[in-house]
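This is the structure, below, for whatever I ask next.
Only the coordinates and a few stated rules stand behind these numbers; no lab work does. Since the model is a prediction, treat every value here as computed from it, not as a measurement. Don't worry about glycine lacking a Cβ; one is built from the backbone with ideal geometry, like all the others, and counts go over all protein chains shown.
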Amino acid sequence: MKVAFGHMGTLTPIMEMILEDLGHEAITPNRPTRQTLALGAKHAPEFACIPFKIVLGTYLECLKLGADTLVSGGGYGPCRAGLYGELHRRILKDLGYEFDFIFFWPPLKKPFHFYKQLHKLKGHHSWVYLWRIIKKAYSKLAVLDDLEMMAQRIRPRELKHGSTSKGFEQAMDMMRQAKTGPEIASAGEEARALMQKVPFDDTRQPLKVGIIGEIYVQLEPFANYFLEEQLGHMGVEVRRSIYLTSYTRHDILSTRGDMGSRTLAMPYLAQKVGGHGQNSVGDIIRYAKNGYNGVIQLAPFSCIPEIVAKSLVPRLSKDYSIPVLTIFIDEQTGAAGIQTRLEAFVDLMDQRRSRSLLVGA
Ligand code: SF4
């Protein structure tokens, strides 16, 4: 099969490797662009959230490249995530594309359906073989998460502008080419060593910001206007609330989600509201307790779970004395507007920190 999938940050090389291990031709999507978004927005319902539109644009690009199968996965609701797989399928079929659609619900929610879809994808390979390649993919995922965290730590301390991003891209290339278990292990060591060679000043004390919100706009740099890189270049160290390994543990292999942040959220929001809405509430508290200087909430425009979380931001911000910037993103959002808001937020955090140091002196 010629199989394509949506692009989401560092998940892309993992999907490519799994598909190739299963003997498929991977039609690996390029990082989305403004054209991808415009293409998706043209055919998506206006109310759809931006991840839906970007992924739809990506599918259209991949179908034009000859993909005959699309692999996707989605949440179970109660927000629109529960509808999006089917909606993507119908829109593409209405546009006249012929393809097979393999859609995964969370395995513990619909185990039989998950099994059937996995069976289609694995073809004649044994379950033992499939288990081995999933374990291998997870080990690669762990290295990629580690490299991202290293880049987030080094970037605000780098001595030469842009050297972290350059090192990170080279490290990602090494990892992309590593396909077997031993190759992944040795490429992982080389990639980490490469990142450590980026010259940086470890005595700097950058501002620290937690990134929270909806998964796609957190993980896909195109969707968030390369926010991590922008902040790093403004001298800010970031840490996201979601990395792919934690998402796998909390949301794919469990139905409970990240219980740490959900428990913290309980006094403010005692139930799940879809997506990572409840987590966003708990994550603000977590970052405040861990001494972060601020939190940025990323939300697709009209994202219901994040709107619910946002309604609690003023209270949380006051109770935990932490500034929170919410950025709603849609296809009309402009890069310059985001940059201006980030600069203002960084100034605000900087002033707060200077004031608290003066008071403490
Ligand atoms: S979590 Fe938000 S962006 Fe994602 S499908 Fe639900 S409403 Fe849309």
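Which residue, chosen from Val359, Leu312, Asn290, occupies the Cα position most advanced towards the positive end of the dipole of the stretch 274-361, where the dipole is computed from +1 (Lys, Arg) and -1 (Asp, Glu) charges on Cβ about the Cα centre?
Farthest towards the positive pole: Val359.
Another question, then. Looking at Tyr138, Phe52, Gln332, which one has the Cα that reaches farthest to the positive end of the dipole of the chain (charges on Cβ: Lys, Arg +1; Asp, Glu -1)?
Tyr138
Next up: Can you return the lysines within cross-link range of Lys135? Criterion is Cα-Cα under 26 Å, with same-chain partners fewer than 8 residues away left out.
Cross-link targets: Lys2, Lys109, Lys110, Lys116, Lys120, Lys122, Lys179.
Let me ask another. So if we plug the beta-carbon distance of Ser354 and Gln170 into 1/(1 + (r/R0)^6) with R0 = 35 Å, what FRET efficiency do we get, rounded to 0.05?
So the FRET efficiency works out to roughly 0.45.
Follow-up question, since we're still on this one. For every helix of n ≥ 4 consecutive DSSP H residues, a contribution of -39,500 (n - 2.57) applies; sum these over the chain, divide by its total residues, and give [θ] at 222 nm rounded to the nearest 500 deg cm²/dmol.
-17000 deg cm²/dmol
Follow-up. Rounded to whole Hz and in sequence order, give me ³J(HN,Hα) for the stretch 127-143 from the Karplus expression 6.51 cos²θ - 1.76 cosθ + 1.60, θ = phi - 60°, writing x for Gly and Pro.
5, 5, 4, 4, 4, 5, 6, 5, 4, 5, 4, 5, 5, 6, 4, 4, 5
Taking the Cβ-Cβ separation of Lys289 and Arg341 as r and a Förster radius of 30 Å, what is the calculated FRET efficiency to the nearest 0.05?
0.75
Take each of the peptides 213-220, 98-105, 198-205, average the number of other beta-carbon atoms within 10 Å over its residues, and list them starting from the highest.
Ranking, from highest mean packing down: 213-220, 98-105, 198-205.
Might you report the magnitude of the Cβ-based charge dipole of the stretch 206-361 about its Cα centre, with Lys and Arg at +1 and Asp and Glu at -1, to the nearest 20 debye?
720 debye
To the nearest 10 degrees, how steep is helix 181-196 against the longest Cα principal axis of the chain, on a 0 to 90 scale?
Taking Cα atoms only, the helix is inclined about 30 degrees.
Using only Cα atoms, figure out Rg for the chain and give it as a multiple of 2.2 N^0.38 Å.
1.00
Right, something else. Normalising by the residue count of the chain, find the relative contact order in percent from Cα pairs under 8 Å and 6+ residues apart.
Over the chain, the number comes to 16 percent.
Tell me which residues come under 5 Å, amide H to amide H, from Val273 once H is placed; ignore anything under 5 positions away on its chain.
Under 5 Å from the amide H of Val273 lie the amide H atoms of Gln278, each far enough along the sequence or on another chain.
What's the magnitude of the charge dipole for the chain around its Cα centre, counting Lys and Arg as +1 and Asp and Glu as -1 at the beta-carbon? Answer in Debye, nearest 20.
840 debye
Could I ask something else about it? With θ set to phi - 60° and the Karplus curve 6.51 cos²θ - 1.76 cosθ + 1.60, what are the ³J(HN,Hα) couplings of the stretch 86-95 in order, to the nearest whole Hz, using x for Gly and Pro?
5, 5, 4, 4, 5, 4, 5, 5, 4, 7
Something else: Under unit Cβ charges (Lys, Arg +1; Asp, Glu -1), what dipole magnitude, rounded to 20 debye, does the stretch 130-203 have relative to its Cα centre?
With Lys and Arg at +1 and Asp and Glu at -1, about 240 debye.
If all Cα-Cα distances of the stretch 77-117 are sorted into 5 Å bins from 0 onward, what percent lands in each bin, rounded to whole numbers?
5, 21, 24, 23, 16, 9, 1
Straight distance only, please: which lysines reach the Cα of Lys160 with their own Cα at less than 23 Å, same-chain residues fewer than 8 apart left out?
Excluding near neighbours in sequence, the set is Lys197, Lys208.
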